[in-house]
1. With respect to the cross-link table entries Lys63/Lys272; Lys145/Lys180; Lys63/Lys274; Lys180/Lys281; Lys145/Lys272, which display a Cα-Cα separation exceeding 31 Å?
2. Starting from the amide H of Asp157, placed 1.01 Å from N in the peptide plane, find each other amide H under 5 Å away whose residue is 5 or more places distant or on another chain.
3. Tell me the per residue accessible area of the stretch 157-269 using a 1.4 Å probe; a whole number in Å² is fine.
4. What's the extension gain from Arg154 to Asn205 if we count 0.36 nm per residue and subtract their Cα-Cα distance?
5. What full-extension length gain, to one decimal in nm, is calculated for Thr271 and Ser78 as 0.36 nm per residue of separation minus the Cα-Cα distance?
6. Quantify, in whole percent, the carbon and sulfur part of the accessible surface of the stretch 92-250 (1.4 Å probe; protein heavy atoms only).
7. Local charge sum around Lys180 (other residues, Cβ-Cβ under 9 Å, Lys/Arg +1, Asp/Glu -1)?
8. Roughly speaking, what is the stretch gain from Tyr252 to Glu71, that is 0.36 nm per residue apart minus the C-alpha to C-alpha distance, in nm to one decimal?
Amino acid sequence: MEKENRENPESGCESSMRNWADLTDVCLVNVFSRLPNEDRWKSTMFVCKSWLEATQDRSLFCKFDLETVFERVKPDRSAWWEPEFEKRIDRMVRSVAEWSDGLLLELLVRHCSDHALSVVADRCPNVQVLSIRSCPNVTDVSLSKIAFSCSLLRELDISYCYEISYKSLELIGQKCPNLKVLKRNHMNWLDPSQHLGIVPSEYLNALPQDGDREASMIALSMKNLEHLELRFSKMSANGLTLIAEGCVNLEYFDLFGCANLTGRAMEQASTKLKKLATLVKPNFYIPRPLFNMERYGHWRLYDERFQTNAFFQI
């Protein structure tokens with residue numbers, strides 16, 4: 001056998017010399033479906049024409065998740081907030097919307113704009129999970145289109161999107177009755193130092209001030225919510241009461257950093273939410289220079305108002 005292989009060296013490596021470009025489209029799509037989105041976009045698309053066409057198969061775009069990539073390269077980078085980066089993300093989102101041909105069910109990205117999200121609304125009516133965190137140029141314009149076009153939406157993350165107002169929350173609630181998860185977190189306005197040098201200062205200053213109005217829209221139009229995140233919202237006890245009375249199916253409620261809530265308001269809300277399994281309280285340590293002792297007086301009053309339980313912790 002060894003002699004035969006020496007005489008015909010090609011016979012022993014025939015399988016290793018096969019041309020992958022000759023694989024059928026079905027085989028290529030099957031292989032590419034096992035790769036993460038990042039690998040398909042960075043490598044396989046640029047191998048040859050047949051591979052490029054295979055990577056654009058609509059079945060590969062039922063889910064497009066860039067959130068895992070953003071999480072992996074933490075900490076946040078200032079370059080992500082530049083217009084050029086947003087254009088790159090927009091191009092990817094538009095391509096995904098077009099290639100999916102209506103099959104897209106889950107889209108998780110950051111730093112896209114109204115332009116890309118409008119294409120998603122037009123081309124992808126079956127979207128059920130939408131996460132568009134940290135999108136300074138996503139506004140009520142595109143989110144209203146999502147509300148009217150994507151009625152199957154069940155999860156929505158619009159954290160750190162400050163151009164989205166209570167009007168969009170109302171529309172989403174009215175047009176998307178299946179919505180179970182809403183994440184509407186804000187940046188840390190109590191101690192914004194962690195964002196300085198990364199997030200543009202004008203955007204930090206644009207943090208929504210109408211927390212109670214947003215809470216009112218959530219309570220009135222999103223009665224089927226089971227999971228709600230409102231980190232660093234500026235809503236008051238009135239807003240919290242409205243949510244507790246309107247969203248009685250809540251099982252998870254995150255209020256971390258909501259400095260305008262009192263301990264009494266938290267207790268009253270908890271008693272009304274019978275299904276609540278997890279409540280993240282506004283516990284937050286605020287450095288001394290950031291609060292006005294004259295306003296809040298004794299530290300115990302401060303601790304009761306902000307529910308820190310950590311006033312003297314090191």
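1. Lys63/Lys272; Lys63/Lys274; Lys145/Lys272
2. Long-range HN contacts for Asp157: Leu130, Ser131, Ile132, Lys183.
3. Using a 1.4 Å probe on heavy atoms only, each residue of the stretch 157-269 averages 40 Å².
4. 15.3 nm
5. Roughly 65.2 nm would be gained on extension.
6. Here carbon and sulfur together make up 48 percent of the probe-accessible area.
7. Summing Lys/Arg as +1 and Asp/Glu as -1 gives -1.
8. 62.9 nm
The values are calculated or read from the model by the stated rules, or taken from the named source; none is laboratory data. Keep in mind it's a predicted model, so treat the numbers as computed, not measured. A quick note on method: Cβ atoms are made from the backbone with ideal geometry, for glycine too, and the neighbour counts reach across all protein chains shown. The area values use the complete protein model at the heavy-atom level, side chains included, leaving out ligands, DNA and RNA. Shrake-Rupley method; radii C 1.70, N 1.55, O 1.52, S 1.80 Å.
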